[in-house]
């Protein structure tokens, strides 16, 4: 019998073991077609609550529900074979107490088939992270700029510019690692501080607007592709301008329809027989 070649999915321990090694590649994914394309290039795919803005046109991430995250998370898992899939816990689903956080995180893992959840917070969430990890739920942390708390943080501002906030961020980083998180996202943080934290932590750091010295990087895919025109952070490098391409394709299509140049079924499906 011939052997069936099965692609082995990257696991949480695989990612944890990449500390200080080959950089970890990550992008966001919200839909099946995009997840399928990215699967071969990314070590993990994040189903981020940024889908609120990118997919649903919300002004921020605060209106994202657990049901939304589960629906998109399940689609991404079903459409991938290789990448480890991590799903964000949205605002209001884990902050109240650790028991509620466990119920919601367990539901996400059970209904999506993802490998881990990500939540935003440092010292104040260390006990919750530990509670989840001890009960078999892998957790990725998120410190620095926290989009779910952007209102209380005074907007999308770079973190760690002064000594006090820098020390707080380092405390957050160690608290998350000590609580058992297998990796931590560092967002919107001054480069020297993100570099220092990466050198000190025993777990991989994933940078977004932080430092190239982080153990990995993540970007919002729609920013990378030039699809999301609402707001593009300064640190984002656009590798394509697909919004322009889509616009041109739609314009050409509209012109064909108006000129009645659109093909009939015989051109699409082939001439009928008999």
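Points to keep in mind about this one:
- GNM result for the chain, Cα springs below 10 Å: residue of 177, 17, 74 fluctuating most strongly: 17
- For segment 12-241, DSSP calls about 5 percent of its internal beta bridges antiparallel.
- Using the Cβ-Cβ distance between residue 25 and residue 171 with R0 set to 30 Å, the FRET efficiency from 1/(1 + (r/R0)^6) comes to roughly 0.55.
- Normalised convex hull volume, segment 47-151, alpha-carbon set, Å³ per residue: 98
- Residue of 75, 164, 83 that the Gaussian network model of the chain assigns the largest fluctuation, springs spanning Cα pairs under 10 Å: 164
- Most simply put, segment 114-226 has about 5% antiparallel DSSP beta bridges, counting only bridges with both residues inside it.
- Principal-axis tilt of helix 66-78 within the chain, Cα atoms, nearest 10 degrees: 70
- Degrees separating the helix 163-179 axis from the principal Cα axis of the chain, which is the longest one: 80
- Rounded is the label for segment 12-241. Its Cα gyration tensor axes, ordered a ≥ b ≥ c, give a/c under 1.5.
- Helix axis angle, 98-112 relative to the chain longest principal axis, alpha carbon, degrees: 30
- Put in order of Cβ neighbour count within 10 Å, fewest first, the listed residues 26, 50, 79 become 79, 50, 26.
- Candidates 158, 87, 64: whichever shows maximal mean-square fluctuation once the chain is modelled as a Gaussian network with Cα springs under 10 Å: 158
No value in this document is a laboratory result; all are computed from the given coordinates. What you see is a predicted model, and the numbers here were worked out from it, not measured in a lab. In this analysis, Cβ positions are derived from the backbone assuming ideal geometry, glycine residues included, and neighbour counts consider all displayed protein chains.
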